[in-house]
Amino acid sequence: MDFLSQTYIALRGPTGAPQSAVDTIAKLSDRLSPSTLLADRRAAVLSLKGLTRDCKEDVGDRALPGLIQVLQNDAEIDADIGKAVLETLHQLCEVDDATKDLALKHTDYVLANEQVTHTLFALLGDTNFYIRYATLQLLSTLLQNRRQQVQSYFLKAPSGAPSVIAVLEDKREIIRNESIVMIQALISQSPDIQKVLAFEGAFEKLFNTVSQEGGVEGGVISLDALRCVDGLLRFNSSNQSYFRETALPSLLCSLLLFPPNLLLQEAAPQEFALQFWDDQKVANVSLVIGIMGMLVGSKGGSGQESTIFVRCFVELALGSNAPTPLKTQALRLLPSNLSFPLSVVILTPYMPVPETNGEEWDRLEPASALDVLVELALHGEYNGLYGDKRVKEGLELRGAAVAVFDNFVHKEEIKQAIVQGMVPSEETTNAPSISPLLHALCLPPSSPLSLANVTTTHIATLLFSHLLASSPRSKALARSIKPSATPVAQGQFFVPADGAPSAPQPVEDDDDDAPQSVLHLLSENLSLCFLSRSRMEGTDDREAREWDRLIVGYLCLLVQWLWEDPKAVREFLDAGALGVLVEPINQTAESESIVPGLCAFLLGLCYEFNRQPGEITRATIYPIINRLGVDNLVGQMTRVREDERFKAVGPEAMVLSYPMHAPLGANPADAEGEIWFDWAFVDFWKSNHYTVQRGLAMDPNALAASSGPSAESAMLISSLRDVIRSQAQEIDDLQNKLKGNSVGESQLNDMRSRIVALESELQDSEGKRKDVEKEQEDLLVLLDEMSTKRRRDKERMRGAGLEVSEDEADDEDDDDGDDEE
Amino acid sequence: MAGITWHYVLKFIITGDAAVGKSSLLVRLTDQRFLANPDPTLGVEFGSKLIEIPEEGKIVKLQCWDTAGTESFRSITRSYYRGAAGCLLVYDVTSRASFANARSWLADVREHADPHLTCILVGNKVDLCEESGEGTSSGRREVPTEEAERWAEEEGLLFVEASAKSGRNVEAAFEQASRDILDKIKRGVFDDDRSPGVKLSRPTNGSLALDGASAKQGCCS
């Protein structure tokens, strides 16, 4: 304050006349120039800081260049002026509601070049508390206003990353906390900065902070540090592979009190399963398992690490007292091609002791993770303790469990094994113990409806349809399931470990009918539901809605079961299903659009796949369809697609808010939810509804458009056809070649005989030639003899003085002459 | 299992001109395969490997940061020099320019890195000279081995010629550099944690040791 008053006195001048703020700011700005004394500059900055609150614009206009100069020149040397100038700049750049544009303008000026940012990162290296703190605040503000600009300057700053890490290590908590906030903004969407900081050891520092704060029990600082870790890893594969190399992944498990080296056959410790939870801890743990899920989901994870993380998720979701949202998150984080042996891992579920407010827990009999998962889906948490309330959160968890089940039974062998387990074995005469899933599926609808039972049965239809979908073998097996009429006491599965196991009470079966097949039971239950539903019309909307839900559940399961399974269609029709289906289609109630549409679809499906000889043939159904009107049926099917309850379902979202009478001011966590469809069905419907629609208009004698061969076998057939075609082609080719070869051979034979003929001819002519030659030789010899004789005669004649013709002598002479020469 | 799976963690950076094969060297080291058509590295990429230095009886975990050679990333890659214990300075034996530029990379390293950093000069792509070596005079080689060796000696660098394609000398280059660093540690050049690039494996207690065990199985199997 000393400086302030001195400056004011100096500025007021001798007259004491009051000055305008603008004049004062102008004068103070002049004093910022380096030519003045440091003390004067310091006083000027402090005065300007005081004026900033009221005259932000004027200070910004006139003093900003000077302030920046002071920052660059003096801040390092003099902590007081440094602190003051940083705080002034912070005030000038901080966005508040009234002066957003102004603050952004100032920010842009400060960030006009990289100098200021570099200075700020250099100042972070200063150990003075106020300098560090004010610098962090200013950087946070600049990042908030113009993140990308600051980020690009940071990457060029000579000491950027090391000084950021240095503040992260600061022993003074306030600075460390402020730095975590700043880093969150700094790394946002910049893989390069994320990598630099990881290289400089940010992970270790951040986890140190988390540990110092008490791990997941820590407060908002733990949360911010974990958020930073998340930010450094998400969408950054290089950092993920670096992170995996460190000791930190197992530290993540340890943070949750989960032993990172737990073997598959060992049970998770109780200190992990039973913990105290508050909102802060939930947020922290949610981040930790989010990071774990990221490492499991991305490529390159080592098998062992992924396995332990998956195990941790399973334990958290199925065998712990973690709050519902965390369990849901853990189930959703399980990898999409789940290869975790759910049926092998044994875990220990817990139940809250009533009236203890979640402080005491009963330990239940160990069970396989798969059983607990199914139980969770069917009855909700803690064996349906809160089943009749149907809170949205709880439904989300059950929906996630259904999705995990679907994921788990994706493999054909697993599907078949589970269905096989429900088929009564031939050897045992007494009824096999019925599986909870089957029991829930066959639960007879009772009027008045119990909310918990509706949900249980509905979810059972979803689970069962996952077992059957697109698996002809499972469908065939499922047809032979004959659930014995002995119902299992609900919750028999969960037996308190300390209490005596309650033996299932065998219920006396009154009628000695042979046990019905599941398909029969379903169609019976369906018709019962329709009956009850029709009684409900107009009286109780809520209960009517529940009946509709149950009906939709049965219909969806039947649709997926009967698809491409003519034998099941036959059985369904024999159970008298036609009448059940036709009636709702006929009743065109305006309020309900889904049920008639689904019935129409199922009817069309039965028509399409009714390919087995039996009482009710295609020819029987055809007139019924015509009477209902093909257009009408198609229209009703289209309305399903347009229904909100159908449209709102996505791969991740199956739980909808319950639309009716939400009490005002209710806690959103207690909001009621409902489930209609799951994504698998929606997907199925979208890809197949056209086939059914087209099939409706077909003549009963026409061959099915898609019947018999499914797409897969059609492809197989076409590929086999291709093979045959190419092989036939090859055979032709070879035959042609063979033919060509045989032609050549006959030619060859011809040639050969001709050669023989020619050879003999040649021999003949050779012989002739030799004869001629010999004759000629003889003649020549004769000629020679003759000419010798003649010469002798001539000599004799000359000697005798007889005249001899000259010419021949000349010839001789000539010859002689020639010889001589 | 002795509880300790590595004795030291050494941070390495790989630097040099663009397209001399830095990423390929790293992939060869970590995955034992040749990266045929790599995209230019953006910023930096991370890779790691356990190697054994038998004469020291030590197992060393190499953490390698492969940096971008492109000029536009140079300011980013500089941030990595300071924290490294070793540096692979790579050039391409078939490119004179990349060898000439190695000087400026070295200057960069000297300016920003720890003064005790071990630097090894690696002439990459020697496979290209061997292939056509017999016919045309010394193939496509533009940088003679002797010249590079001489320069490395002048600058106090280790030197090796390697090929990421054939795998020749790649592991040897890292081993040679690691050996040099271990030697420096032995001579007490680094006080335990003073070099940011060298870390002793921490005392084995609780979860950390357990992680070490899991890391071993992950890496060596």
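Bear in mind that the values in this text are calculations on the coordinates, not laboratory data. Bear in mind that the values here come from a model prediction, so they are computed numbers and not experimental data. Glycine also receives a Cβ, built like all others from the backbone with ideal geometry; neighbour counts cover every protein chain displayed.
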Q.
Taking beta carbons within 10 Å but only from partner chains, what does the mean come to for residues A:243-253?
A. 5
Q | Alpha-carbon radius of gyration plus Dmax, which is the widest Cα pair, for the protein assembly as shown in Å | A | 46.8, 190
Q.
Going by amide H atoms built from the backbone, whose H comes under 5 Å of the H on B:D92, apart from near neighbours?
A. B:S98, B:F99, B:N124
Q. List the trypsin sites (Lys or Arg not before Pro) in the stretch A:156-234 that DSSP assigns to loop (not H, G, I, E or B) and whose Cβ has at most 11 other Cβ atoms within 10 Å. Which are they?
A. A:K171
Q | 10 Å Cβ neighbours from other chains, averaged over peptide A:190-196 | A | 5
Q) Dipole magnitude of the stretch B:90-181 about its Cα centre, charges +1 at Lys/Arg Cβ and -1 at Asp/Glu Cβ only, in debye to the nearest 20? A) 220
Q: Excluding A:D96 itself, calculate the net charge of residues whose Cβ lies under 11 Å from the Cβ of A:D96, where each Lys or Arg counts +1 and each Asp or Glu counts -1.
A: +1
Q | Sites matching GluC sites (Glu not before Pro) across the stretch A:310-383 that sit in DSSP coil, with at most 13 neighbouring C-beta atoms within 10 Å | A | A:E355, A:E359, A:E360
Q: Starting from the Cα gyration tensor of the stretch A:21-156, take the square roots of the eigenvalues, sort them a ≥ b ≥ c, and report rounded, prolate or oblate (rounded when a/c is under 1.5, otherwise prolate if a/b is larger than b/c, else oblate).
A: oblate
Q) Projected onto the charge dipole of the stretch A:94-146 (+1 at Lys/Arg Cβ, -1 at Asp/Glu Cβ, origin at the Cα centre), which of A:L142, A:Y109, A:T119 gives the Cα projection farthest towards the positive end? A) A:T119
Q. Given the alpha-carbon gyration tensor of the stretch A:93-237, what are the semi-axes of its equivalent ellipsoid in whole angstrom, ordered largest first, with each equal to the square root of 5 times an eigenvalue?
A. 24, 16, 15
Q. Counting chymotrypsin sites (Phe, Trp or Tyr not before Pro) as exposed when in a DSSP loop with at most 12 other beta carbons within 10 Å, what is the longest stretch of chain A free of them?
A. A:277-821
**Q.** Area projected by the alpha carbon convex hull of the stretch A:229-327, averaged over all directions, nm²
**A.** 6.1
Q) How much net charge surrounds B:E45 when only the other residues with a Cβ under 9 Å from the Cβ of B:E45 are counted, with Lys and Arg +1 and Asp and Glu -1? A) 0
(Q) Give me the one-decimal nm value for the distance between modelled label points at A:D784 and B:E111, 7 Å along each residue's Cα-to-Cβ direction. (A) 11.4
(Q) Using the Cα centre of the stretch A:55-213 as the reference point, and only Cβ charges (+1 on K/R, -1 on D/E), how large is the resulting charge dipole? Debye, rounded to the nearest 20. (A) 360
Q) Can you run phi through the Karplus equation (6.51, -1.76, 1.60; θ = phi - 60°) for the stretch A:110-116 and list ³J(HN,Hα) in whole Hz, with x for Gly and Pro? A) 4, 8, 4, 9, 7, 3, 4
Q.
Taking the beta-carbon count within 10 Å as an exposure proxy, list A:S742, A:S465 from fewest neighbours to most.
A. A:S742, A:S465
Q: Return the loop-located trypsin sites (Lys or Arg not before Pro) in the stretch A:91-132 (DSSP other than H, G, I, E, B) with at most 12 other Cβ atoms within 10 Å of their own Cβ; answer none if there are none.
A: none
Q) Which order do A:S179, A:S20, A:S250 fall in if you start with the one that has the fewest other Cβ atoms within 10 Å? A) A:S20, A:S250, A:S179
Q: Work out the P(r) tail for the stretch A:261-379: percent of alpha carbon pairs separated by more than 18 Å, whole number.
A: 51
Q: Rounded, prolate or oblate: pick one for the stretch A:585-658, where a ≥ b ≥ c are the square roots of the eigenvalues of its C-alpha gyration tensor, a/c under 1.5 means rounded, and failing that, prolate if a/b is larger than b/c, else oblate.
A: prolate
Q) In the P(r) worked out for the stretch B:41-154, what percent of Cα pairs fall beyond 20 Å? A) 51
Q. What is the order of A:S532, A:S474, A:S713, fewest Cβ neighbours within 10 Å to most?
A. A:S713, A:S532, A:S474
Q. When DSSP assigns beta bridges and you keep just the ones with both residues in the protein assembly as shown, what percent turn out antiparallel, to the nearest 5?
A. 50
Q. Which pairs, out of A:K411/A:K647; A:K195/B:K199; A:K156/A:K195; B:K58/B:K186; A:K195/B:K184; B:K22/B:K165, put more than 21 Å between their alpha-carbon atoms?
A. A:K411/A:K647; A:K195/B:K184
